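Bear in mind that the values in this text are calculations on the coordinates, not laboratory data. Source: prediction; values computed, not measured. Methodologically, a virtual Cβ is constructed for each residue, glycine included, from the backbone with ideal geometry; neighbour enumeration extends over all protein chains shown.
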Amino acid sequence: GEQVEQLPSILRVQEGSSASINCTYENSASNYFPWYKQEPGENPKLIIDIRSNMERKQTQGLIVLLDKKAKRFSLHITDTQPGDSAMYFCAASRGSNAKLTFGKGTKLSVKS
Amino acid sequence: DPKIIQKPKYLVAVTGSEKILICEQYLGHNAMYWYRQSAKKPLEFMFSYSYQKLMDNQTASSRFQPQSSKKNHLDLQITALKPDDSATYFCASSQERLGGYEQYFGPGTRLTVL
C-alpha cells in the first residue's frame with residue numbers, strides 16, 4: 001500500500017508571510033500528488049497538483065515542489081491571507097483512476 | 001450548478017439499520033469513488049469504480065456495498081449500521097480519458113449513527 005506523512009499538523013502564520021507544508025510518501029510507484037483545501041463543513045477542493053515528470057509547479061500564489069529521490073513533496077503558500085485559513089491535505093496516487101492516499105492534514109491559521 | 005450531487009446532506013440512523021447514500025456526477029467522468037472522513041481517520045479511500053466496474057476495494061467490511069445503476073451514479077449501501085460508521089462520506093469522480101488524474105469531490109453526506 002501507500003502511506004503519506006504530513007507535517008506540521010498545525011501551522012500558524014502572520015498575514016503576508018509564507019506557509020509551507022511537507023509530505024513524504026513510501027511507494028516509489030506513486031506518480032501523482034494533489035493538494036486539497038478543505039474549509040469547515042465543506043468538501044475537499046483541489047487547489048494544485050504535480051505529476052512525477054515535474055519538479056516544480058506554480059499557480060496563483062501556490063508552489064508545489066516534488067523530490068522523487070527523497071519521496072517528498074511540499075506546498076508553499078506565498079503572501080498568505082486570512083482566506084487561506086483552512087485544512088490542507090496532501091495525497092499520493094499511482095495516476096489515472098487510482099485511489100488517493102491522504103496525509104492527516106494541516107490546519108493553517110493566518111492571523112491578520 | 002453542482003456537478004456532483006450527494007443525497008442526503010445529513011443522515012441520522014439507528015444502530016442496526018440500513019441506509020443508502022446517493023451520488024450522481026454530471027462531469028462526464030468515467031471513474032467514481034467513495035471516501036470517508038471522520039475525526040479518527042481523515043479522508044480514507046473506500047471504493048473505486050471505472051465504467052461501472054469495481055476497480056479497488058479498501059473496505060474490510062462487507063456491510064459497505066457500492067451500487068452503480070448508471071455510469072454517472074455510484075450509490076453506497078451500508079447495512080447493520082454501527083456508531084463507528086458515523087462519518088462524512090464523500091463521493092468523487094475523475095476522467096481517465098486524456099490522462100485525467102484529478103479527482104473532484106462532492107459535497108458529502110454526514111452520517112450519524114445513534
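Quick one: compute the contact order of chain A, relative version, from alpha carbon pairs under 8 angstrom and 6+ residues apart, as a percent.
Over chain A, the number comes to 37 percent.
Could you tell me the center-to-center distance, by alpha carbons, between the range B:40-109 and the range A:1-58 in angstrom?
22
Give the average over all directions of the projected area of the C-alpha convex hull of chain B, one decimal, in nm².
For chain B, the mean projected area of the Cα convex hull comes to 6.8 nm².
Based on the mean of other Cβ atoms within 10 Å per residue, sort peptides A:25-32, A:56-63, B:88-95 so the most packed one is first.
B:88-95, A:25-32, A:56-63
What is the average number of partner chain Cβ atoms found within 10 Å of a Cβ in A:99-106?
5
Which ³J(HN,Hα) values in Hz, rounded to whole numbers, follow from the phi angles of the range B:49-56 under the Karplus curve 6.51 cos²θ - 1.76 cosθ + 1.60, where θ = phi - 60° and Gly and Pro get x?
So the J values, rounded to whole Hz, are 10, 10, 6, 6, 10, 5, 9, 8.
Students often get this wrong, so check it: of B:Lys7/B:Lys70; A:Lys37/A:Lys57; A:Lys37/A:Lys107; A:Lys107/B:Lys40, which have C-alpha atoms separated by over 20 Å?
none
Based on the Cβ-Cβ distance of B:Leu54 and B:Thr112, what FRET efficiency does E = 1/(1 + (r/R0)^6) give at R0 = 30 Å, to the nearest 0.05?
Efficiency, from the Cβ-Cβ distance: 0.65.
How big, in percent, is the set of alpha carbon pairs in chain A lying more than 25 Å apart?
16
Given H placed 1.01 Å from N in the peptide plane, which residues other than close sequence neighbours of B:Glu102 have an amide H under 5 Å from its amide H?
Result for B:Glu102 returns B:Gln95.
Through the Karplus equation 6.51 cos²θ - 1.76 cosθ + 1.60, θ set to phi - 60°, convert the phi angles of the range A:72-78 into ³J(HN,Hα) values in whole Hz; use x for Gly and Pro.
9, 9, 9, 10, 10, 9, 8
Trypsin sites (Lys or Arg not before Pro) within the range B:12-61: which are DSSP loop residues with at most 10 other Cβ atoms inside 10 Å?
Of the trypsin sites (Lys or Arg not before Pro), the ones in loops of the range B:12-61 whose Cβ has at most 10 other Cβ atoms within 10 Å are B:Lys40.
Treating the beta-carbon of each Lys and Arg as +1 and of each Asp and Glu as -1, no other charges, what is the dipole magnitude of the range A:31-112 about its Cα centre, to the nearest 20 debye?
420
Please list, by residue number, every one of the trypsin sites (Lys or Arg not before Pro) in the range B:54-109 that is coil in DSSP and has at most 12 other beta-carbon atoms within 10 Å.
Those that pass, being in a loop and sparsely packed, are B:Lys70.
Taking a ≥ b ≥ c as the square roots of the eigenvalues of the Cα gyration tensor of the range A:36-99, is the shape rounded (a/c under 1.5), prolate (a/b larger than b/c) or oblate?
oblate
Can you list the residues, at least 5 places off or on another chain, whose amide H is less than 5 Å from the amide H of A:Lys45, using H built in the peptide plane?
Distant-sequence amide H within range of A:Lys45: A:Lys37, A:Gln38.
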